[in-house]
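Structure first, commentary second.
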Amino acid sequence: MRTVSILTGRTLRLFFRDRAGVFFSLLSALILIALYALFLGNLQVDNLTERFPNAETGDIHWFVNAWVFAGITMITTLTTALAALAVFVDDRASGRFGDFLVSPIRRVELILGYLLSSFLISLAMTLVILVVGQVYLLTQGDSIMTASEAGETLGYVALSSLAFAALSSFVVTFLRSSGAFAALSTVVGTVIGFLAGAYIPVGTLPDAIVNGINALPFAQSAMLIRRPMTAGALHALTDGQAQAAKAVESFYGISATVGEVSVTPSLAIVVLLAVLVVFCALGARRLSRAIR
């Protein structure tokens, strides 16, 4: 384990030393914040004002803010997990694997070092975004999550970071240059907001597209994170009315269905665990073949 710790620490140092890389790993989150600050936020506020004319303006803004930062939190778990593996791509492109293999480092230790560092970077960066979101709510006069809601959110964030670190470790094994990795990161950073229903609510999309999005682990991860992060704001917005709350949850991706099948939190957790196990195995196998 000492060797794994050293390799993990190496990747962490290399990642955080590259300030531009750290910035670009958060670029999708920053773009989403800018979009909602400029015009998308007002659209959601206007939409909710029409649907809930008796709701307090502050409660509407509270819900929109909480919902936006929940989406940003989910996006960060994926984009930073992927960004952390830039070190793997650089090591492969530079032929550094040869140096590792002639040293007393077992291949499995090298693989675990990359996987663990991807998870830790994703978790750390997402926690920063999570704290920033809660501080922002306070500055707007909104309430933050309760202790139980924060604990639930942390659990979902950790699970998402693990799952997407495994998924990213599999995907990057197909890349052989830093240019290819940069292109992939750009595409992922652009598309993931749509796949998670973070740019626009899924309720505005056709049913066929909604079913396709909800079947993906990204939307299910976003659903899990949104539930505790928007719980207080949703209750205030709907004044505790179950039917109204159900409609808002469906429209804003806080609950999900695929056809006639309801995606429960338990099912979403199972899906993310499956992503973790399957892609961890596939990624480890591919990484082992790539390290030559």
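At-a-glance table
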read-out	value
Computed E for Ile200/Arg176 - FRET, C-beta separation, R0 35 angstrom, nearest 0.05	0.50
For the stretch 110-126, 3J(HN,Hα) per residue [Karplus equation, 6.51 cos²θ - 1.76 cosθ + 1.60, θ = phi - 60°, Hz, x = Gly/Pro]	5, 5, 4, x, 5, 5, 5, 5, 4, 5, 5, 5, 4, 5, 5, 5, 5
Label point distance in nm, Ser148-Val278, each placed 7 Å from Cα along Cα→Cβ	3.4 nm
Helix-only [θ]222 nm of the chain, DSSP H runs n ≥ 4, -39500 (n - 2.57) each, per residue, nearest 500	-26000 deg cm²/dmol
Estimated FRET transfer efficiency when R0 is 22 angstrom, pair Arg289-Ile6 (beta carbons, to 0.05)	0.40
13 Å cut-off, amide nitrogen to a point 7 angstrom out along Arg107 Cα→Cβ, residues in the stretch 262-286	284-286
Residue-normalised accessible area of the stretch 103-206, expressed per residue, 1.4 Å probe, Å²	43 Å²
Fraction of accessible area attributable to carbon and sulfur, the chain (%, probe 1.4 Å)	65 percent
Charge tally in the Cβ shell below 14 Å around Val210, where Lys, Arg are +1 and Asp, Glu are -1, Val210 excluded	-3
Of Val271, Ser148, Leu43, farthest towards positive along the dipole that unit charges on Lys, Arg, Asp, Glu beta carbons give the chain	Val271
Residues whose placed amide H lies under 5 Å from that of Val258, excluding near-sequence neighbours	Val263
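The values are calculated or read from the model by the stated rules, or taken from the named source; none is laboratory data. In this text the structure is predicted, and so the values were computed from the model without any measurement. For neighbour counting, all protein chains shown are included, and Cβ atoms are generated from backbone atoms with ideal geometry for every residue, glycine included. Keep in mind that these areas ignore ligands, DNA and RNA; they rest on the heavy atoms of the full protein, side chains included. Shrake-Rupley method; radii C 1.70, N 1.55, O 1.52, S 1.80 Å.
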